[in-house]
Amino acid sequence: MIELDEVAYSYGGGELFSSVSLSLAPGTFHFLTGPSGAGKTTLLKLCYGELKATAGQVRLFGQDTRDLARDEVAQLRRRVGVVHQDCQFLDHLPVAENIAMPLTVSGREGTPEDLEALLGWVGLRCQAGQLPPELSGGERQRAALARAVIMSPDVILADEPTGNVDWDMSQRLLTLLIELNRMGKTVLIATHDLGLIRAAKSQVEARVLRLKDRRIQAAGANL
Amino acid sequence: MEMLRRMLALLAGDPQADRAVPPTGFTARLTLMSAAAMALLAVFALAMSLATGRLADRWSEELARTSTLRISAPADQMQGQTVAAVELLRTTPGVAEARPLTAEEQRALLEPWFGPDLPVETLPIPQLIEIIEEGDGYDPAGLRARLQAEVPGAILDDHGRWREPLVQAAGRLRLLAWVSMGLIALTTAAMITLAANAALSANAQVIRVMRLVGARDVYIARAFVRRFTLRALIGATAGTVLGMLAVLALPSTDVAGGFLTGLGFQGWHWLLPLTIPPLAALVSFFATRQAALRSLGEQS
Ligand SMILES: Nc1ncnc2c1ncn2[C@@H]1O[C@H](COP(=O)(O)OP(=O)(O)O)[C@@H](O)[C@H]1O
Ligand SMILES: [Mg+2]
């Protein structure tokens with residue numbers, strides 16, 4: 001699905017990380033962890049083509065992202081669901097339309113029943129007509145997750161999906177992501193929340209990657 | 001053709017794409033107002049171009065057509081002098097034909113003043129000879145000199161000639177009107193490009209989100225292009241209607257005896273200003289498309 005080969009990235013200053021190699025096989029569940037500022041968000045951006053590696057190769061569905069034009073990246077992004085750290089919405093459109101936006105921009109028609117079911121799955125039926133700024137942090141995260149999966153993508157990348165929600169809500173979100181993985185989706189969650197990882201380990205076979213000292217390490221079972 | 005088809009499809013619309021971009025009041029008003037103002041100016045420029053065209057045509061037609069020779073002589077010499085003048089004209093280079101007007105023709109010329117039953121033959125009125133020119137025409141000074149020597153009663157009236165600079169001026173005015181229309185189109189394009197760029201940068205965040213959910217550049221551009229094209233169309237239609245009403249309200253100048261021409265549109269020319277709104281939409285379509293694709297390319 002997604003392969004990184006000896007990848008390095010720098011925002012212009014020193015290298016944020018270098019010689020990072022990893023491979024997300026179909027149907028796997030990964031956590032990406034590390035201290036704040038280690039470059040988790042940056043690594044995810046490399047994975048979905050928002051940034052291009054300064055060295056090494058990033059392959060998305062077998063295609064080198066460096067060779068892709070912007071429109072081709074847009075095309076590939078329809079197969080990757082991304083939950084952004086700062087969930088960005090079109091604030092002038094109701095939540096339901098925001099969630100359906102990936103369908104809209106790709107010219108596909110979703111049925112109202114599918115949208116309804118998806119809203120029910122993330123528990124946002126009552127908020128469908130509200131504007132994004134009126135939602136709470138947890139509701140925004142769930143709306144972002146619903147938007148990420150509406151195209152039924154093969155891969156789901158979630159950046160701190162439980163960033164600013166309470167423990168119960170983060171458990172609900174985690175459950176949703178585990179459900180998606182059981183449906184066969186590849187899932188990668190970037191988080192600094194070790195509690196979340198521990199909670200997940202009892203429910204799903206997850207590999208943990210730790211980004212530290214400019215390198216990626218596979219973390220042991222004992223966190 | 002392909003472009004036109006795409007433009008029509010665009011105007012028919014994808015309301016979803018439209019909704020993705022929030023409306024911005026300021027750029028909307030700017031586009032509407034400038035399209036209306038430019039269309040109004042375009043109507044005037046078009047009217048001026050058509051009127052000066054008519055003027056130039058009419059004047060140059062008269063110029064090319066004829067001059068007249070008038071022979072005033074005592075009744076007994078009239079016949080002789082007329083024959084002499086025609087003979088002289090036939091041998092003048094630049095004269096294609098010289099023909100004395102018949103009594104009926106002369107009566108017809110006088111009819112508006114004296115009524116239909118004027119006994120022309122008994123009146124001491126001059127005999128008129130119509131001269132039709134060929135090529136660059138004759139040399140009026142040379143002809144006058146010869147006439148003075150051979151036909152003392154002849155007076156050459158080449159009234160058409162003094163209009164020559166006026167015909168030139170009318171031609172220039174027409175050129176000026178065309179240049180104005182070109183400048184109006186360019187200014188419209190520039191204004192709409194500015195407004196579109198303002199709208200694009202005001203919506204940078206919206207564009208970012210649309211990119212994140214997988215929108216391609218053309219999709220994002222379309223939302224802007226459609227909106228600006230529609231606004232230009234509406235504004236230009238309003239401006240054109242106002243302009244046409246203003247032209248309609250111009251006082252008629254035809255009373256000046258056909259020398260001047262009405263400044264308004266005549267006949268089917270009234271249809272010409274109707275092409276202004278679609279042209280404005282076309283200009284806006286390309287200007288916005290260009291601006292959007294370029295700005296999206298930069299915002300990568
Ligand atoms: N657009 C940017 N330009 C320059 N530096 C950036 C940019 N985005 C992030 N950084 C820097 O890169 C480092 C890693 O950021 P990030 O990937 O967001 O880390 P994490 O998600 O692990 O907290 C931080 O030090 C941050 O300041
Ligand atoms: Mg981050």
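Couple of notes before you dig in:
- Remark: pairs (first residue in segment B:111-138, under 28 Å from B:VAL95 (Cα atoms) and in a loop (DSSP other than H, G, I, E, B); second residue open to solvent by less than 40 Å² (accessible area, probe 1.4 Å) and of a type outside the set (Phe, Trp, Tyr); Cβ separation under 6 Å; 6+ apart in sequence or on different chains) = B:PRO126/B:ILE71; B:GLY135/B:GLY94; B:GLY137/B:GLY94; B:TYR138/B:THR92; B:TYR138/B:GLY94; B:TYR138/B:VAL95.
- A:ARG59 vs. criteria assigned to a strand (DSSP E or B), on the phi < 0 side of the Ramachandran plot and open to solvent by 10 Å² or more (accessible area, probe 1.4 Å): yes
- Filtered residues of segment A:22-33 (kept if under 18 Å from A:LYS185 (Cβ atoms) and either within 10 Å of ligand 1 (Cβ to nearest atom) or in a helix (DSSP H, G or I) (or both)): A:LEU32
- Close pairs from segment B:35-54: first not assigned by TED's automatic domain parsing to the domain that holds B:THR229, partner in a helix (DSSP H, G or I), Cβ under 7 Å, at least 6 apart: none
- Considering the conditions (1) in a helix (DSSP H, G or I); (2) over 18 Å from B:VAL213 (Cβ atoms), A:GLY163 is excluded by exactly one of them, (1).
- Single match in B:ARG226, B:ARG174, B:ARG144 (criterion: buried (at least 18 other Cβ atoms within 10 Å of the Cβ) and more than 28 Å from the chain's Cα centre (by Cα)): B:ARG226
- Answer residue from segment A:71-90, given it is closer than 27 Å to A:SER170 by Cβ and more than 16 Å from ligand 2 (Cβ to nearest atom) and is most open to solvent (accessible area, probe 1.4 Å) among those: A:ARG79
- Restricting B:VAL225, B:VAL255 to those that are away from chain A (no Cβ under 14 Å) and at pLDDT 85 or above reduces the list to B:VAL225.
- Single residue of segment A:43-63 satisfying the filter (within 13 Å of the chain's Cα centre (by Cα) and within 14 Å of another protein chain (Cβ to nearest Cβ)) that is nearest to ligand 2 (Cβ to nearest atom): A:LEU44
- Pick from segment A:123-135, criterion within 14 Å of chain B (Cβ to nearest Cβ) and assigned to a helix (DSSP H, G or I), ranking: surrounded by the fewest Cβ atoms within 10 Å (Cβ to Cβ): A:PRO133
- Qualifying residues in segment A:176-223 (those that are at pLDDT 90 or above and among the hydroxyl-bearing types (Ser, Thr, Tyr)) - the one farthest from ligand 1 (Cβ to nearest atom): A:THR186
- Only residues that are more than 8 Å from chain B (Cβ to nearest Cβ), farther than 20 Å from A:GLU72 by Cβ and either of a type in the set (Lys, Arg) or open to solvent by 30 Å² or more (accessible area, probe 1.4 Å) (or both) were counted in segment A:95-114, giving 6.
- Scanning segment B:200-211 for residues that are more than 14 Å from every other protein chain (Cβ to nearest Cβ) and either open to solvent by less than 30 Å² (accessible area, probe 1.4 Å) or among the charged types (D, E, K, R) (or both) yields a count of 1.
- Scanning segment A:136-150 for residues that are surrounded by fewer than 20 Cβ atoms within 10 Å (Cβ to Cβ) and in a loop (DSSP other than H, G, I, E, B) yields a single hit, A:SER136.
- A:LEU157 being in contact (Cβ under 8 Å) with a residue 12 or more places away in the chain and either part of a helix (DSSP H, G or I) or more than 16 Å from ligand 1 (Cβ to nearest atom) (or both): no
- Selection over segment A:92-122 of residues that are part of a loop (DSSP other than H, G, I, E, B), of a type in the set (Asp, Glu) and in contact with a Lys or Arg (Cβ under 9 Å, 6 or more places away or on another chain) gives a count of 0.
- Test set (1) open to solvent by 40 Å² or more (accessible area, probe 1.4 Å); (2) within 16 Å of ligand 2 (Cβ to nearest atom) - A:GLY34 fails condition number: (1)
Every residue, every condition in (1) under 17 Å from B:VAL209 (Cα atoms); (2) among the polar types (S, T, N, Q); (3) more than 16 Å from ligand 1 (Cβ to nearest atom), yes or no:
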position: A:PRO35; (1), (2), (3): no, no, no
position: A:LYS40; (1), (2), (3): no, no, no
position: A:LEU51; (1), (2), (3): yes, no, no
position: A:THR65; (1), (2), (3): no, yes, yes
position: A:VAL83; (1), (2), (3): yes, no, no
position: A:LEU103; (1), (2), (3): yes, no, yes
position: A:GLY110; (1), (2), (3): no, no, yes
position: A:GLN127; (1), (2), (3): no, yes, yes
position: A:GLN130; (1), (2), (3): no, yes, yes
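- Among (1) crowded, with 20+ Cβ neighbours inside 10 Å; (2) within 14 Å of another protein chain (Cβ to nearest Cβ); (3) of a type in the set (D, E, K, R); (4) within 16 Å of ligand 2 (Cβ to nearest atom), the one test that A:LYS40 misses: (2)
- Only one entry in B:GLN106, B:GLN81 is in contact with a helix residue (DSSP H, G or I) (Cβ under 7 Å, 6 or more places away or on another chain) and open to solvent by less than 60 Å² (accessible area, probe 1.4 Å), namely B:GLN106.
- Pick from segment B:79-104, criterion modelled with pLDDT under 85 and part of a helix (DSSP H, G or I), ranking: farthest from B:ILE129 (Cα to Cα): B:GLU104
The values are calculated or read from the model by the stated rules, or taken from the named source; none is laboratory data. These numbers come from a predicted model, not from an experiment. Cβ atoms come from the backbone with ideal geometry, glycine included; neighbour counts cover every protein chain shown. Side chains are part of the model used for accessible areas, which takes the heavy atoms of the whole protein and leaves out ligands, DNA and RNA. Shrake-Rupley method; radii C 1.70, N 1.55, O 1.52, S 1.80 Å.
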